[in-house]
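Here the structure comes first, spelled out in structure tokens, and everything after it is commentary.
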Amino acid sequence: MKKLNYLFTTIIMAVIALGCDPVEDINERLEANEPGISTVLDYTLTDDDYEALELSFGNFSSMDDARALIPQILTDNFPVLGEGSLANVTFAIYDPIRVENYAVVAADYEAAGLSNTYFSGLGEIQDFLDLQYPQAENGDYVSLTYQVLADEIQYTLDTDDFDFIGEELADAYPDPAANAAQYHSFDLRDDRDSYWTEEMILEAINVVLEDNFDNVTGQKYNVSYATYDGTTAAESVTLQFDGNAYVVVGGTSYVLTAADFDAIGVEFATTYPNPASSAAQYDNFERRDGRDAYWSDAMILEAVSFIVDTQYPDAAEGDQFQVTYEVYTGSAGTEILSIVKEGDAFVVDATASVSTIETTTVYAFTNGNWNEPFALDAEDYTEMGQSYPNFDDEDEAIYKLAIFLGRTFPYAEEGDFVAVAYAFYDGSTSTEYANFVFENGAFVNIPSVIETSLQFGNDGTTWVPDNTIAYSLTAADYAFIAAELGDTYPAQTSSMANYGNMDRRSGNAAYWTDDMILEAFNLLLDDLNPSAEEGQKYAVTFDIYNGSNTTETFLLIKTDGVWVMQ
């Protein structure tokens, strides 16, 4: 993700104007309005400049607008500057918080190295966002839509629910509906007019769940309800919303505990010593293949079967279990294994499906990590003197939030960054975001209008955006080139490694030709800036020996994926 405030490094250029004129001579010639002068200029746009461009506010609304309009200001203000001139222009730009939407698809999970098409924990989500946005900066936001494992929701039908069933199903099942509303239970006596079949009970539960929940596909519910067959009893059923209705799903849910992992550590200490020891120590299964403590799918099936057999010794043929357990893949996560009793053993239940739901969460990049923005509770608004759990004035919100963050994070350090989500009311309530950084002992809001700069070059006709990056080779760069090209150019790289420069004496055994240097710089720039866009320019300065120690600069541009001389 790219921010708008790029940093362009100024190339130090010799001032050329009919020879080497001193700076004061250039100023005199500027005043004399003599054309064709080449120089380097630092300039900050003024209020008059924005007005001349007929902008409503003293800033640009986008970087594209700045690139398109600033050349007009440079031409008007500096008509005598000609080809080869560079202008480093500082200006204001409107840079509000933008939340990027990203919907994770099946291929994304695979690309992230996951065997499942869902995220099982925050660690996997953070790893994915790091992979997707390697250049993320503080204050970047992503609204991520993805699949997660669905926790089973426990729900018990109460008296209000039975009253609701009596109303909703009165026409379809008059006697059973009236009886349920009166006695707050389902009558299971099949010789009575008030009898409820299993299908009817499922229909009644659907009516209740549809009224109480958001019908999230994949979400599971364990619903308990009262029945009567001469005596009152309680029964339960596990349902899952399949996109159209709540349907019955089989299996007993079980979550491995710390005690279970301890038991696994003892039971499998001889068979799998390292994995067993790791499981007992960390209360999870190590899933990184190649590690001594690695647990394969088959080994986990053994361990899970052992625990289920211990917990449910009376399990019968065909009994199903969905077992959730902690894993470690480089970050903490969970997996679910569905098993079924076949004979004296448990096997993977091929008919079972993992319950996942789609969710959307906003994440912000702060202090090197992706996390949900800091969100305010209702009592936080009360503490800040708000009558309602929201703000209705942006300036007031920013002022109060800065003070509130200071109290909430009393041990904040210089440079700490906080992304905040708060409720804002302007006829309807929405979620707004604000970024704060801790500076000089207080939290300071990062404004939506920022100051940034762009470099422009005069091509002899007009001013064009110039993205040249000036770069001087370091000792590490010479070492990198030597390692990459040592076999190809042994004499040249050996000399370079020895003297820290490139020999430019034609005819010498260690001589670096232009083509050889270009080959080296292609390798180096691809390593330094692998995501450089087409058209990116570099001015690469390097140490040479041509009879004396000096420097040389190559001007390069990325064209069709390779670096070529400008």
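General observations
- Taken about its Cα centre, the chain carries a charge dipole of roughly 2280 debye when the Cβ of each Lys and Arg holds +1 and the Cβ of each Asp and Glu holds -1.
- Given 11 as the ceiling on other Cβ atoms within 10 Å, longest exposed-site-free region of the chain for chymotrypsin sites (Phe, Trp or Tyr not before Pro) in DSSP loops: 58-410
- Residues THR429 and ILE557, FRET efficiency given R0 of 56 Å [Cβ-Cβ distance, rounded to 0.05]: 0.65
- Axis of helix 394-408 versus longest Cα principal axis of the chain: the two differ by about 80°, to the nearest ten degrees.
- Positive end of the dipole of the chain (Cβ unit charges, origin at the Cα centre): among LEU556, VAL420, THR462, the Cα lying farthest that way belongs to LEU556.
- Across the options LEU202, TYR246, THR271, the greatest Cα extent toward the positive end of the charge dipole of region 167-274 (unit charges at beta carbon of Lys, Arg, Asp, Glu) belongs to THR271.
- Non-local lysine pairs in the chain, meaning eight or more places apart or on different chains, with alpha-carbon distances under 26 Å, amount to 6.
- The label point for LEU528 and the one for GLU317, both projected 7 Å from the Cα toward the Cβ, are 7.3 nm apart.
- Note on surface exposure: ILE446, ILE165 rank ILE446, ILE165 by accessible area, highest first, 1.4 Å probe.
- Shape summary of region 76-169, radius of gyration then Dmax from alpha carbon positions: 26.4, 88 Å.
- Distance between region 241-289 and region 170-195 - C-alpha centres, whole angstrom: 43 Å
- For the chain, the longest piece that avoids every one of the trypsin sites (Lys or Arg not before Pro) found in DSSP loops with at most 14 other C-beta atoms within 10 Å covers 292-504.
- Subtracting the Cα-Cα distance of VAL237 and ASN274 from 0.36 nm times their residue separation leaves 9.3 nm of extension gain.
- Surface listing: VAL89, VAL449 arranged by accessible area from highest to lowest gives VAL449, VAL89, probe 1.4 Å.
- Identified option (computed mean projected area of the Cα convex hull in nm²; candidates (i) 41.3; (ii) 30.3; (iii) 38.8): (i)
- For region 110-125 versus region 431-490, the gap between their alpha-carbon centres in whole angstrom: 32 Å
- Sorting VAL266, VAL348 by solvent-accessible area of protein heavy atoms yields VAL266, VAL348, largest first, with a 1.4 Å probe.
- Rounded to 5, percent antiparallel among DSSP beta bridges of the chain: 65 percent
- Near-label residues of region 129-167 by backbone N, under 19 Å of a point 7 Å along Cα→Cβ of ALA245: 165-167
- Residue (of SER506, TYR388, THR117) at the positive-pole extreme of the chain, dipole from beta-carbon charges: SER506
- Å² per residue, accessible surface of the chain at 1.4 Å: 52 Å²
- Computed FRET value (nearest 0.05) for VAL207 with TYR399, which takes r as the C-beta separation and R₀ as 35 Å: 0.10
- Modelled this way, with points 7 Å down the Cα-to-C-beta line, the labels at SER472 and ARG192 are 9.3 nm from one another.
- Once both labels are positioned 7 Å from their Cα atoms along Cα-to-Cβ, the gap between THR310 and TYR94 label points is 6.4 nm.
- 222 nm mean residue ellipticity, helices alone, for the chain (DSSP H n ≥ 4; -39,500 (n - 2.57); rounded to 500): -9500 deg cm²/dmol
The values are calculated or read from the model by the stated rules, or taken from the named source; none is laboratory data. Bear in mind that the values here come from a model prediction, so they are computed numbers and not experimental data. Heads up, the Cβs are rebuilt from the backbone with ideal geometry, glycines too, and the neighbour counts pull from every protein chain shown. These accessible areas exclude ligands, DNA and RNA; they are computed on the full protein's heavy atoms, side chains included. Shrake-Rupley method; radii C 1.70, N 1.55, O 1.52, S 1.80 Å.
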